[in-house]
1. How many residues does the range 160-180 contain that are of a type outside the set (D, E, K, R), over 13 Å from the mean Cα position of the chain (by Cα) and in a loop (DSSP other than H, G, I, E, B)?
2. What is the one condition in (1) under 26 Å from the mean Cα position of the chain (by Cα); (2) among the charged types (D, E, K, R); (3) closer than 17 Å to residue 104 by Cα that residue 20 does not satisfy?
3. Suppose we filter 227, 247 for residues that are within 21 Å of residue 125 (Cβ to Cβ), at pLDDT 95 or above and touching a helix residue (DSSP H, G or I) at 6+ places or on another chain (Cβ under 7 Å); which single one remains?
4. Pairs only if they're at least six apart or on different chains, beta carbon under 7 angstrom, first in the range 1-28 and of a type in the set (A, V, I, L, M), second open to solvent by 80 Å² or more (accessible area, probe 1.4 Å) and in a strand (DSSP E or B); list them, first residue then second.
5. Which residues, taken from the range 185-202, are within 24 Å of the chain's Cα centre (by Cα) and open to solvent by 70 Å² or more (accessible area, probe 1.4 Å)?
6. What strands (runs of 3 or more DSSP E), lying completely within the range 181-272, carry at least 2 residues that are under 30 Å from residue 27 (Cα atoms) and of a type in the set (Phe, Trp, Tyr)?
7. Pull up the range 216-263, narrow it to residues that are within 19 Å of residue 205 (Cβ to Cβ) and small (Gly, Ala, Ser), then point me to the one that is nearest to the chain's Cα centre (by Cα).
8. Which of the residues that make up the range 47-59 are farther than 16 Å from residue 24 by Cβ and either more than 20 Å from the chain's Cα centre (by Cα) or at pLDDT 95 or above (or both)?
Amino acid sequence: MIIQLLDGIKYDIGDYSLKRLYHHIPSISMVHNTTTANGRGGLLFLDSQYGERIITVELLYQATGIFDYYLLRDKVNALFTRPEPYYIVFKNEPYKRWLVRVNNNFELPPNQQMEAFTIEFTCENIFSESIGTTLEMQNNKEWDVGLFAWNDTITWDDDLSYTFTNKNFNVKNLGNVDIDPREHELIVTIKGDFPNGLTMINNTTEEVYQYNGKLTTSDTLMINGIRTLKNGISDFGSTNKKLITLRPGENNMTISGGTMSSISFNFRFLYK
């Protein structure tokens, strides 16, 4: 198991005389808003939303003596107990990571040789995310780069391209969660000549994003999450105040209003 801090620093638990015995990743809990009605049995469901997710990991520590145990205990406590969130990566699924915080206190039972103990992690992001972004995957189509893995959604036959020059193209979301820029990482970068603004339509979701400002070939328009920036300066006021989301699978996109040089979509796949 790997611990990765937000600044990118990584720690392998094997370097701390730890071995992962097993880990449990349950489904996301559901929170239901319900009511009742006179004369009708059961509950009426008004809406449902995702709740929390807690990952349980059992670890084994190995010590060479009781004094080594004391030193190891302090190192392990410092490794996992942090006020800020961090990522955990399980080596049998090296292409995705979980953003977590320690759920509660834990204890290494004293033993001068070895002992198992359990840690619970609360997922700050209830979905796991791909290690690599789409643009990193596009530029590193090799087995050993550690960015992704061939599986039931990513195959050899996939054209992992997320930079386009045509006005009509498909953006593949190979996770199983909608990418919503209000909550998730999504950067769209557009270059081209649009004298009267541009319109971007996701024909799959029927969502429409409009930028009403002027763009020349020397300008760069970036939609970063909920922000719109022209040449690095916020220009959200020149939009229709709408955003584009990406459904799992193919999203058919259309750009209109001028001549496009390039458009790129950079995001991470999310998994339930």
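1. Our first condition is that a residue be of a type outside the set (D, E, K, R); within the range 160-180, this holds for 160-166, 168-171, 173-177, 179.
Now narrow it down to the ones that are over 13 Å from the mean Cα position of the chain (by Cα): 160-166, 168-171.
Add one more test, that the residue is in a loop (DSSP other than H, G, I, E, B), and what stays is 160-162, 165-166.
Matching residues across the range 160-180 total 5.
2. (3)
3. Details: 247 fails: touching a helix residue (DSSP H, G or I) at 6+ places or on another chain (Cβ under 7 Å).
Step by step, each of 227, 247 is checked, and only 227 is within 21 Å of residue 125 (Cβ to Cβ), at pLDDT 95 or above and touching a helix residue (DSSP H, G or I) at 6+ places or on another chain (Cβ under 7 Å).
4. 2/10; 3/10; 28/50
5. 185
6. Ranges flagged: 259-267.
7. Residues of the range 216-263 that are within 19 Å of residue 205 (Cβ to Cβ), as a first pass: 223, 225-226, 228, 239-256, 263.
Narrowing further to those that are small (Gly, Ala, Ser): 225, 249, 256.
Working: 225: 13, 249: 16, 256: 30 Å.
Only one residue fits best here, namely 225.
8. To start, the set of residues in the range 47-59 that are farther than 16 Å from residue 24 by Cβ comprises 47-51.
Once the filter is applied, which keeps residues that are farther than 16 Å from residue 24 by Cβ and either more than 20 Å from the chain's Cα centre (by Cα) or at pLDDT 95 or above (or both), the range 47-59 yields 47, 48.
The values are calculated or read from the model by the stated rules, or taken from the named source; none is laboratory data. It should be emphasised that the depicted structure is a prediction, and the values quoted were computed from it without experimental measurement. Please note: Cβ atoms are built from the backbone with ideal geometry, for glycine as well, and neighbour counts cover all protein chains shown. With ligands, DNA and RNA removed, areas are computed over all heavy atoms of the protein, side chains included. Shrake-Rupley method; radii C 1.70, N 1.55, O 1.52, S 1.80 Å.
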